[in-house]
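Quick notes on the structure that follows.
Each value in this text was obtained by applying a stated rule to the coordinates, not by laboratory testing. What you see is a predicted model; the values in this text were computed from it and never measured. Cβ placement follows ideal geometry from the backbone for every residue including glycine, while neighbour counts extend to all protein chains displayed.
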Amino acid sequence: MVGYLFAGQGSQYVGMGKDLYESFPEARKIFDRAEKILGFELKRFCFEGPEEILKSTNVSQPAIVTVSIAAFEVFKAKSNITPSFVAGLSLGEYSALIAAGALTFENGIRLIQKRGQLMEDASRKYPGKMAAVLELSVEKLKEICLQSGAEIANLNCPGQVVITGKVDAVNQAMELCNQAGAKRVIPLEVSGGFHSTLMFEASVGLKLALDNISVSEPNVPVISNYTAQPEYKVGQIIENLVNQIRGSVRWEESMRFILSEGVTDFYEFGPGKVLKGLMRRIDNNAKVINIEKGADMEQIA
């Protein structure tokens with residue numbers, strides 16, 4: 001059994017998607033459609049940068065989804081592999097929903113553009129930050145969050161949890177994590193406290209945006225970041241996306257669910273190899289193949 005995984009925010013880099021665009025008509029079509037919808041020079045930012053613009057939330061989010069779906073469309077044209085489940089890390093959940101037919105690419109990219117703008121606006125209004133905590137128990141982290149006012153953003157894999165929230169709260173939590181014996185505490189280069197209550201207004205705006213686009217039942221089960229369970233009903237998918245923007249991403253639980261269903265092989269679509277690295281920590285027996293560049297297409301079984 002096979003699962004498809006889609007990259008999340010933070011995986012972007014200057015040059016991503018260039019090889020795909022130059023090598024495959026399916027990828028060119030996706031990039032050209034995205035740029036027309038978005039109304040800015042997406043290809044230039046992806047292929048040439050500058051990095052400062054590419055990593056801004058309202059650019060990086062549609063850029064990563066475009067690269068991910070471009071890779072997926074090339075893969076789909078060259079294989080007849082059908083997944084049992086699809087999933088994406090935070091932002092990647094939208095790519096997963098596009099791949100599963102719940103969102104058209106056009107609606108998905110418009111929704112992502114709006115999501116990025118809403119998160120950027122919320123970050124300016126309610127400043128926050130995020131940090132990755134390595135090798136500290138979730139139970140201890142929950143205690144520290146209660147004490148500091150920080151929140152848990154991502155439960156990524158054993159030994160890797162991301163905390164989020166107000167700047168002062170996260171700074172205090174980072175100090176407490178170091179005192180508690182965390183192997184490392186790494187501030188993340190993001191513009192705000194995502195997946196926290198600071199994103200409440202963004203979640204309200206996202207709900208309004210979702211109410212104005214067409215969402216269909218997926219043709220493949222999509223694992224929700226918010227529930228770590230497969231979702232099929234349109235109303236529940238919408239509710240989970242709204243909750244996800246201000247709630248915890250339960251990635252490890254999501255992967256353990258898919259693994260428990262008998263999936264052993266995965267394809268990771270999009271820039272970087274973050275999800276492959278996380279899977280190595282979750283279950284080293286699982287096989288993850290990255291689909292990002294032309295040479296990766298040769299690995300298709």
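Rounded to the nearest 0.05, what FRET efficiency is calculated for Arg33 and Arg256 with R0 set to 45 Å and r the Cβ-Cβ distance?
Rounded to the nearest 0.05, the efficiency is 0.80.
Compute the acute angle (0 to 90°) between the alpha-carbon long axis of helix 234-244 and the principal axis of greatest extent of the alpha-carbon atoms of the chain; round to the nearest 10°.
50
I need the shape label for the stretch 160-279. Rule: rounded when a/c is under 1.5, else prolate if a/b > b/c, else oblate, with a, b, c from the alpha carbon gyration tensor.
Oblate, since a/c reaches 1.5 and b/c is not below a/b.
Can you give the log10 of the normalised intensity I(q)/I(0) at q = 0.11, 0.26 Å⁻¹, computed with Debye over equal Cα scatterers of the stretch 169-233?
-0.50, -1.16
The stretch 167-240: which GluC sites (Glu not before Pro) are DSSP loop and have at most 11 other beta-carbon atoms within 10 angstrom?
Answer by residue number: Glu189.
In which sequence would Thr104, Thr227, Thr66 go, from the one with the fewest C-beta neighbours within 10 Å to the one with the most?
Final ranking by Cβ density, sparse to dense: Thr104, Thr227, Thr66.
Between Ser214 and Lys276, take the C-beta separation as r, use R0 = 25 Å, and let me know the FRET efficiency to the nearest 0.05.
Efficiency, from the Cβ-Cβ distance: 0.15.
Determine, for Met199, Met119, the number of other Cβ atoms within 10 Å of each Cβ, and report the residues in order from fewest to most.
So the residues, fewest neighbours to most, are Met199, Met119.
Let me know the Rg and Dmax you get for the stretch 114-214 when you use only its Cα atoms, in Å.
Cα radius of gyration and Dmax of the stretch 114-214 are 14.4, 49 Å respectively.
Inverting the mean 1/r over all pairs of different Cα atoms, compute the Kirkwood radius of the stretch 1-129 and quote it in Å.
This gives a value of 14.8 Å.
In a solvent-free Debye calculation with one equal scatterer on each Cα, what is log10 I(q)/I(0) for the stretch 128-187 at q = 0.14, 0.17, 0.22, 0.28 Å⁻¹, listed in the order of the q values?
Ignoring solvent entirely, the Cα scatterers give -0.27, -0.40, -0.70, -1.21.
I'd like the antiparallel share, as a percent to the nearest 5, of DSSP beta bridges with both residues in the chain.
Of all bridge pairs located within the chain, approximately 55 percent are antiparallel.
Just to verify a number: FRET efficiency for Lys125 and Glu189, C-beta to C-beta distance, R0 = 22 Å, to 0.05?
Using R0 = 22 Å, I get an efficiency of 0.65.
Residues with amide H under 5 Å of Arg184's amide H, sequence separation 5 or more or different chain, H placed in the peptide plane at 1.01 Å from N; which?
The list, which skips near neighbours in sequence, is Leu134.
Can you tell me, using C-alpha contacts under 8 Å and at least 6 residues apart, the relative contact order of the chain as a whole percent?
25
If each residue of separation counts as 0.36 nm, what is the full-extension length gain between Gln179 and Ala77 once their alpha-carbon separation is subtracted?
Using 0.36 nm per residue and subtracting the Cα-Cα distance, I get 31.5 nm.
What translational diffusion coefficient, to the nearest whole µm²/s, does the chain have by Stokes-Einstein, given a Kirkwood radius computed over alpha-carbon pairs, a temperature of 4 °C and 1.567 mPa s viscosity?
Here the translational diffusion coefficient equals 68 µm²/s.
Sequence gap at least 6, Cα distance under 8 Å: using those rules, report the relative contact order of the stretch 142-280 to the nearest whole percent.
Computed over the stretch 142-280, the figure is 25 percent.
Along the Cα→Cβ direction, 7 angstrom out, place labels at Lys207 and Ile289. What is the inter-label distance in nm?
In this crude label model, Lys207 to Ile289 measures out at 4.3 nm.
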